[in-house]
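Notes follow once the structure below has been shown.
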Amino acid sequence: MHLTPLIKASIDKSVLCWLATSSKDNIPNVSPKEIFQYYQSDKIIIANIASPQTVKNIKANKKVCISFIDILVQKGFQIKGTAEIIEDTHPEFAEMEKVLLEMTGGNFPFKTITEITIEKVKPILAPRYLLYPETTEADQVKSAKKTYGL
């Protein structure tokens with residue numbers, strides 16, 4: 001499955017993503033991630049800044065789910081796939097690190113990267129779009145700004 005321009009644009013507009021993993025004992029864990037980006041045509045990479053449980057879970061169970069939304073428009077995507085922990089000895093680590101360092105400015109050190117190969121994509125929409133089909137993105141932004149006091 002490839003990342004479409006719409007999915008890439010959504011990633012660019014999202015300030016956080018949520019990564020769901022599961023331990024070897026099937027105990028779920030969801031963790032917010034701030035430093036993430038699309039990579040190549042079918043992968044998402046995430047800097048492992050303070051993620052010991054995420055890394056431990058992925059080493060035990062590679063199936064993951066990541067979601068992200070534009071908080072004002074309240075649209076985004078849920079992506080399911082297979083994760084791999086990329087160590088600094090991996091041949092592509094330096095290339096991936098460069099992409100993520102542009103986002104951190106070097107302020108958040110990381111020694112590993114989570115690489116997610118995309119298998120399934122599903123759009124996320126705020127319920128208002130479904131319940132009130134006449135809702136425009138401008139309406140939703142106005143409502144979100146009011147809700148969040150912006």
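With the cut-off at 1.5 for a/c, could you classify the range 67-111 from its C-alpha gyration tensor as rounded, prolate or oblate?
It is oblate, given that a/c is not under 1.5 and a/b is not larger than b/c.
Would you look at the GNM of the chain, springs on alpha carbons closer than 10 Å, and say which of L130, L16, L72 moves the most?
The residue with the greatest mean-square fluctuation here is L130.
Between Q53 and M1, what is 0.36 nm times their sequence separation minus the Cα-Cα distance? Round to one decimal in nm.
16.0 nm
Find out how many positive minus negative residues lie around I58, taking Lys and Arg as positive, Asp and Glu as negative, among other residues whose Cβ is under 13 Å from that of I58.
Values: positive: K24, K33, K56, K59, K62, K63; negative: E84, E87, E115.
Here the charged neighbours net out to +3.
Hey, with R₀ at 41 Å, roughly what FRET efficiency would K62 and L131 work out to, going by the Cβ-Cβ distance, to 0.05? Spell out each step's value before the answer.
On the way: r = 37 Å, r/R0 = 0.89.
Working from the Cβ atoms, E equals 0.65.
Any idea what the relative contact order of the range 1-93 is, in percent, if you count C-alpha pairs under 8 Å spaced at least 6 apart?
Result for the range 1-93 is 30 percent.
May I ask for the Kirkwood hydrodynamic radius of the range 34-137, worked out over all distinct Cα pairs and given in angstroms to one decimal?
15.1 Å
For M96, M1, what ranking results if the residue with the fewest other Cβ atoms within 10 Å of its Cβ goes first?
On the way: M96 21, M1 14.
Arranged by neighbour count, lowest to highest, M96, M1 become M1, M96.
Sort D12, D70, D42, D25 so the one with the fewest other Cβ atoms within 10 Å of its own Cβ comes first.
Starting with the residue having the fewest Cβ neighbours, the order is D25, D12, D42, D70.
Given 0.36 nm per residue, what is the gain on full extension from S31 to V141 after removing their alpha carbon distance, in nm? Don't skip to the answer; put the middle values down first.
Details: separation 110, 0.36 × 110 = 39.60 nm, distance 2.56 nm.
37.0 nm is the gain from fully extending S31 to V141.
Determine, from the Cβ-Cβ distance of E119 and K8 and an R0 of 22 Å, the FRET efficiency 1/(1 + (r/R0)^6), rounded to the nearest 0.05.
E between E119 and K8, to the nearest 0.05, is 0.80.
Throughout, read-outs are computed from the coordinates displayed, never taken from laboratory work. Owing to the predicted nature of the structure, the values given are computational and were not obtained by experimental measurement. Counting neighbours? That spans all protein chains shown, and the Cβs are built from the backbone with ideal geometry, glycine included.
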